[in-house]
Each structure stands twice: as structure tokens, then as C-alpha cells.
Amino acid sequence: MNKTLLAEFTARKGAEDEVARLIRDYAKKVREEDGNLAFDVYTKASNPRAYWIFEVYRDEDAFQAHLKAPYGGPFNAALVPLIEEDASVLTFLDPVA
């Protein structure tokens, strides 16, 4: 079964351009992962500093491989001081049968 989640965070005022650059670069790498099926980055229309990232991985193994990718840690370390939250807020999703 696919592993699907929504990651959310809000860029701090003044950090918008740096966050956008970081997430664009990160998205390119994640989309190249063998088990990644979707990595779609959005901002809220009512608050362009608020990011929603819709992620789909082939299965749990593909998601675990994503978590172990060498670029994930540096991305998160660079992102944390630029966002309002302590880290991205993850919501795991299940399909409605």
C-alpha cells in the first residue's frame, strides 16, 4: 500500500525566499527517488508563507528509504530556523475505501 502524507510548515517573515529556494531544491531530489510517486509543493492562497507538501511513496520501505536519504538531514537542519514551527508537521493519510 502507498505511504501518503501531508507535511506543513510556515516560513518566518523575511525567510520566504530562502524557504522557497530550499524546498524547490529538495523537491527535485525527492522526486528522483525510486519509490517516490508524488512530492507536490503548495502554499496556501490565503497565506503564501504557509506550505503544504503532499507526498506519496510506493510503500513503507520506500518511505523509510526517503527518510534515510543523505540530503534529508541537511534540508531539515537548514529549514528549522526559517520556519515558525519546531519542525514540519506531518499528517499521515489513509485512502477512503
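The values are calculated or read from the model by the stated rules, or taken from the named source; none is laboratory data. Small disclaimer: the values here were computed from a predicted structure and weren't measured. As a convention, Cβ positions derive from the backbone with ideal geometry for all residues, glycine included, and neighbour counts pool all protein chains shown. What goes into the accessible areas is simple: the full protein's heavy atoms, side chains included, and nothing from ligands, DNA or RNA. Shrake-Rupley method; radii C 1.70, N 1.55, O 1.52, S 1.80 Å.
Show the residue pairs meeting these rules: Cβ distance below 9 Å; 6+ apart or different chains; first residue within region 71-97 and modelled with pLDDT of 95 or more and assigned to a helix (DSSP H, G or I); second residue among the β-branched types (Val, Ile, Thr) and surrounded by 11 or more Cβ atoms within 10 Å (Cβ to Cβ).
GLY72/VAL30; PHE75/ILE23; LEU79/VAL19; LEU79/ILE23; LEU82/VAL19
Could you list all residues from region 53-67 that are closer than 23 Å to ALA20 by Cα and surrounded by fewer than 15 Cβ atoms within 10 Å (Cβ to Cβ)?
Answer for region 53-67, where residues must be closer than 23 Å to ALA20 by Cα and surrounded by fewer than 15 Cβ atoms within 10 Å (Cβ to Cβ): PHE54, LEU67.
Please work out if VAL19 is assigned to a helix (DSSP H, G or I), touching an Asp or Glu at 6+ places or on another chain (Cβ under 8 Å) and among the aliphatic types (A, V, I, L, M).
no
Kindly establish whether LEU37 is surrounded by 12 or more Cβ atoms within 10 Å (Cβ to Cβ) and in contact (Cβ under 8 Å) with a residue 60 or more places away in the chain.
Judged against the criteria, LEU37 is not a match.
Criterion first (at pLDDT 95 or above and either surrounded by 15 or more Cβ atoms within 10 Å (Cβ to Cβ) or out of contact with any Lys or Arg (no Cβ under 7 Å at 6 or more places or on another chain) (or both)) does GLU32 satisfy it?
Taking the combined requirement at face value, the residue satisfies it.
Would you check if ASP25 is open to solvent by 50 Å² or more (accessible area, probe 1.4 Å), among the charged types (D, E, K, R), modelled with pLDDT of 95 or more and assigned to a helix (DSSP H, G or I)?
yes
Scan region 1-20 for residues that are under 28 Å from GLU60 (Cα atoms) and either exposed (fewer than 12 other Cβ atoms within 10 Å of the Cβ) or not acidic (Asp, Glu) (or both) and jot them down.
The answer is MET1, ASN2, LYS3, THR4, LEU5, LEU6, ALA7, PHE9, THR10, VAL19, ALA20.
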